[in-house]
Amino acid sequence: MRRKNPRAGGAFGVSWCVVKATPVILVTGAGRGLGRGVALQLAAEGCSVAVNYIVNRAAAEETAALCRKASKAMRQRFVPVQADIGSRPDRARLVREVLSGFGRIDALVNNAGVAPRVRADLTEASEESFDELVRVNLKGPYFLTQAVVRHWLGEKPAPALPAGFKVIFVTSVSADTASVDRGDYCISKAGLSMASQLWAARLAPEGIEVVEIRPGIMATDMTAGVRAKYDRFLARGAVPQGRWGTADDVGLAVRAVIAGRLPFSAGSVICVDGGLHIRRI
């Protein structure tokens, strides 16, 4: 007779007794901002999280500590893993280290991304900024997904998630909304949205669900420098729900997908923007 773990939580509390493994989710850019919100929700769902970061080890350690407080079972693990996803050697090492340290990867959340170092009009923007944003925001997650998928298809491990392996691309409202002072960012996110569609079409027949989470105006350190601008935007009623989005809002959306609550939604674009995407006159 299988025994239920009284500390198991989230939608997977009983399922763990069946699959006998704690799902491991690799969340890129999880040291801060939206990635931290995602990691915390996954911890509350009963998952282990590989907390990817680039430079700020202390922030990643803080995320791991917060995840431990939010977790539901002793067997859950939260480990910072350094890697620049825009670097091919780093991507390969990241996958190796997560597989070596956790023994598995059950889902990939492509969250890491950067904003332009300087917001510049299209007539003044530099090729260096364009190259950096495409490298980190588009090329990195595209090929990191390839590396993880090759492991799944080649090794054919049994998924610990009841609904199977998952890939989530966290994009931005900028994927389809033009900002002429950060064209490089918009292009990188538009490309990432197409990457999500491509991987969804390729992997759905394999039983692997791919979806896009598209945040709107989010209160993170990335938007801290332009908060007054967006406060005015909100005051004009641009966001029907009338507030800034939070990391927890994005985390809850990711959690729903990981938990298998959208089982027939391959390739979907899930807007987390308070209605900003609604076309109104």
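Laboratory data are not the source of any read-out in this text; all were calculated from the coordinates shown. None of the values given here were measured: they were computed from a predicted structure. Positions of Cβ are generated from backbone atoms using ideal geometry, with glycine treated the same way; all protein chains shown enter the neighbour counts.
Details
- Residue satisfying all of: in segment 25-53; without any contact (Cβ under 8 Å) to a residue 60 or more places away in the chain and either in a strand (DSSP E or B) or not small (Gly, Ala, Ser) (or both); farthest from ALA107 (Cα to Cα) among these: TYR53
- So ALA158, is it out of contact with any Leu (no Cβ under 7 Å at 6 or more places or on another chain) and in a helix (DSSP H, G or I): no
- Among the candidates GLU132, GLU124, residue that is surrounded by fewer than 21 Cβ atoms within 10 Å (Cβ to Cβ) and in a helix (DSSP H, G or I): GLU132
- From ALA195, ALA201, ALA175, residue being over 16 Å from ALA107 (Cα atoms), among the aliphatic types (A, V, I, L, M) and touching a Ser or Thr at 6+ places or on another chain (Cβ under 7 Å): ALA175
- Unmet criterion (only one of (1) buried (at least 24 other Cβ atoms within 10 Å of the Cβ); (2) farther than 24 Å from ASP273 by Cα; (3) not hydroxyl-bearing (Ser, Thr, Tyr)) for ALA43: (2)
Condition check ((1) surrounded by fewer than 20 Cβ atoms within 10 Å (Cβ to Cβ); (2) of a type in the set (A, V, I, L, M, F, W, C); (3) part of a loop (DSSP other than H, G, I, E, B); (4) touching a residue at least 60 places away in the same chain (Cβ under 8 Å)) across all residues:
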{"position": "ASN137", "(1), (2), (3), (4)": "no, no, no, no"}
{"position": "PRO141", "(1), (2), (3), (4)": "no, no, no, yes"}
{"position": "GLN146", "(1), (2), (3), (4)": "yes, no, no, no"}
{"position": "GLY154", "(1), (2), (3), (4)": "yes, no, no, no"}
{"position": "SER174", "(1), (2), (3), (4)": "no, no, no, no"}
{"position": "ALA178", "(1), (2), (3), (4)": "yes, yes, yes, no"}
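- Segment 193-216 residues that are more than 23 Å from LYS156 (Cβ to Cβ), paired with ones that are part of a helix (DSSP H, G or I) and hydroxyl-bearing (Ser, Thr, Tyr) (beta carbon under 7 Å, 6 or more apart): ALA195/TYR142; GLU212/SER193; GLU212/SER196
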